[in-house]
1. Check region A:54-62 and report whether any residue there is more than 11 Å from the chain's Cα centre (by Cα), facing chain B (nearest Cβ under 10 Å) and either in contact (Cβ under 8 Å) with a residue 60 or more places away in the chain or assigned to a helix (DSSP H, G or I) (or both).
2. When you scan region B:235-246, do you find a residue that is at pLDDT 95 or above, crowded, with 20+ Cβ neighbours inside 10 Å and in contact with a Pro (Cβ under 9 Å, 6 or more places away or on another chain), even just one?
3. Can you tell me which residue among A:Gln68, A:Gln14 is free of Cβ contacts under 8 Å to residues at least 12 places away in the same chain, over 17 Å from the mean Cα position of the chain (by Cα) and more than 8 Å from chain B (Cβ to nearest Cβ)?
4. If a residue has to be assigned to a loop (DSSP other than H, G, I, E, B), among the aliphatic types (A, V, I, L, M) and closer than 18 Å to B:Val184 by Cα to count, how many in region B:203-218 make the cut?
5. Report yes if B:Glu288 is in the same structural domain as B:Phe136 (by TED's automatic domain parsing), modelled with pLDDT of 85 or more and either part of a helix (DSSP H, G or I) or out of contact with any Asp or Glu (no Cβ under 8 Å at 6 or more places or on another chain) (or both), otherwise no.
6. Condition first: closer than 18 Å to B:Asp389 by Cβ and surrounded by fewer than 10 Cβ atoms within 10 Å (Cβ to Cβ). Now tell me which residues in region B:330-360 satisfy that.
7. Looking only at region B:182-197, filter to residues that are surrounded by 15 or more Cβ atoms within 10 Å (Cβ to Cβ) and modelled with pLDDT under 95; which one of those is nearest to B:Pro134 (Cα to Cα)?
8. If you check B:Ile187, B:Ile168, which single one turns out to be in the same structural domain as B:Ile231 (by TED's automatic domain parsing), in contact (Cβ under 8 Å) with a residue 24 or more places away in the chain and assigned to a helix (DSSP H, G or I)?
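The values are calculated or read from the model by the stated rules, or taken from the named source; none is laboratory data. The structure presented is a predicted model; accordingly, all values stated were derived computationally and were not measured. Positions of Cβ are generated from backbone atoms using ideal geometry, with glycine treated the same way; all protein chains shown enter the neighbour counts.
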Amino acid sequence: MNNINELSFEQAYQELDEIVSKLESGELTLEESVTLFERGRKLAEHCQAILDQAELRVNQLNDSGDIQPL
Amino acid sequence: MFEKVKSVSEITDHITTLFENDPLLNDVWVQGEVSNMTQASSGHWYFTLKDNDSQLRCVMWRSATSRQSTIPKNGDALEAHGKISLYAPRGEYQLYADLIRPVGLGDLFQAFERLKAKLYNEGLFENERKRPIPAFPHKIGIVTSPTAAAFQDILNVLRRRFPLAEVILSPTQVQGVDAPPQIVSAIERLNTSTDVDIILLCRGGGSIEDLWAFNDETVARAVAASRIPIISGVGHETDFTIVDFVSDLRAPTPSAAAELATPDLEDIRQELRQVTTYLITTLQTQLENKRTALLRLMRDLQYHSPEITIRNHRQRIDDLNERMVKASYNHLKLLSIQLQSKSAALHAASPQAILSRGYALVTRTEDGKRVTSELDAQPGTGITLQLKDGELKARVEDKNIHEQYKRTLF
């Protein structure tokens with residue numbers, strides 16, 4: 001599994017979604033459940049942290065197709 | 001002679017016929033200022049057109065209102081087209097309008113209607129053509145003027161709702177003759193040079209002439225051709241442009257376009273909190289289920305435990321033991337009874353018992369040999385007679401002498 005801190009918000013969010021589905025299925029071993037639960041919680045925290053730090057980046061596309069901070 | 005008297009309905013019918021047969025009243029444009037504008041929940045519009053001296057009641061059915069490019073507001077100067085007829089229940093004549101347009105914009109309006117009909121017939125407004133708006137836009141392209149208030153409005157909404165996004169402004173003029181080619185180029189550049197997930201095509205409010213670039217055919221076709229989904233937010237809520245019909249989603253204003261393009265951060269935070277809580281309860285439920293299953297298994301295991309078998313065996317052994325002791329006791333008792341009866345029999349057969357019945361045990365005194373035959377003791381032999389309570393000593397006599405002696409005596 002990927003290092004959680006390197007995941008983008010969308011990646012973390014999607015994995016969290018998948019983990020919830022897996023846990024809901026109830027077909028996991030106890031150890032798998034606990035491992036997934038721990039990871040799910042960390043993913044949720046990671047998502048919240050990304051949201052806390054998010055700052056809108058504003059760029060401009062010029063005529064030549066270059067993107068520069070506005 | 002009687003006057004011919006008409007009923008109200010008869011005279012109303014007559015007047016209606018006059019209206020219906022008048023060519024002007026059946027195809028007329030009327031100019032006036034809108035008042036008493038009402039949008040009924042049925043979709044019909046009711047309003048009054050007035051000038052300084054007169055007013056005219058107007059109604060536009062839903063079948064026509066849905067095709068109009070602007071919703072009239074009180075105070076708007078309008079030209080309305082339709083036929084004038086009588087509304088019999090109130091005895092009022094009114095304009096049944098099928099088209100409205102701003103005053104003095106007859107040419108622009110006709111051009112608008114022509115282009116709208118043309119693009120409609122090409123299928124450019126079809127719902128099937130509309131692309132889905134992504135739920136989480138990574139990058140948001142904005143086509144507008146960087147100096148316009150609309151651009152700052154959009155940025156404010158995005159900062160508040162979804163600062164995760166990256167904004168790429170593709171600047172353009174939004175009014176004037178240069179605006180259409182610049183808007184087309186700005187849309188195309190976002191398509192070719194960036195990987196934005198959504199484009200906001202926006203302009204703040206203005207007159208219908210100010211918004212006219214968004215009724216340009218080349219702009220409409222550029223919107224339709226865009227690989228990236230486009231949300232249009234042009235002017236105010238009541239303004240409709242051709243671009244609004246072609247875009248994938250029409251927002252009433254630029255700020256609204258920014259809102260439609262993004263999820264609300266607060267909603268996401270809330271959702272994340274709920275998911276975390278949900279994760280905890282799900283895991284707890286599963287642990288609880290596993291614990292219950294374990295307890296059930298332990299009970300089953302206990303039920304099949306060898307301890308019980310051992311206990312059963314032990315009991316069986318106890319039973320056997322008890323039966324054995326009981327059986328032995330009975331047997332001994334039986335033996336004891338048998339022994340007593342034998343002992344009695346033995347006693348009954350003992351010499352002493354015989355002596356006590358009057359018999360005597362005879363032995364020779366000299367050698368103690370038992371005398372059981374007359375040959376054992378010749379006359380003159382000393383014998384001992386053992387009786388039940390002692391002995392007698394005697395001597396055997398000669399039988400013949402004894403006989404003589406008896407005869408002598410008797």
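1. no
2. no
3. Checking each option against the conditions leaves just A:Gln68.
4. Going residue by residue through region B:203-218, those that are assigned to a loop (DSSP other than H, G, I, E, B) are B:204-211, B:216.
Checking which are among the aliphatic types (A, V, I, L, M) leaves us with B:208, B:211.
Those still in the list that are closer than 18 Å to B:Val184 by Cα too: B:211.
The number of residues fulfilling the criteria is 1.
5. Here the answer is no, as B:Glu288 does not meet what is asked.
6. B:Arg357, B:Gly358
7. Looking at residues that are surrounded by 15 or more Cβ atoms within 10 Å (Cβ to Cβ) and modelled with pLDDT under 95, I get B:Thr194.
8. Only one candidate qualifies: B:Ile187.
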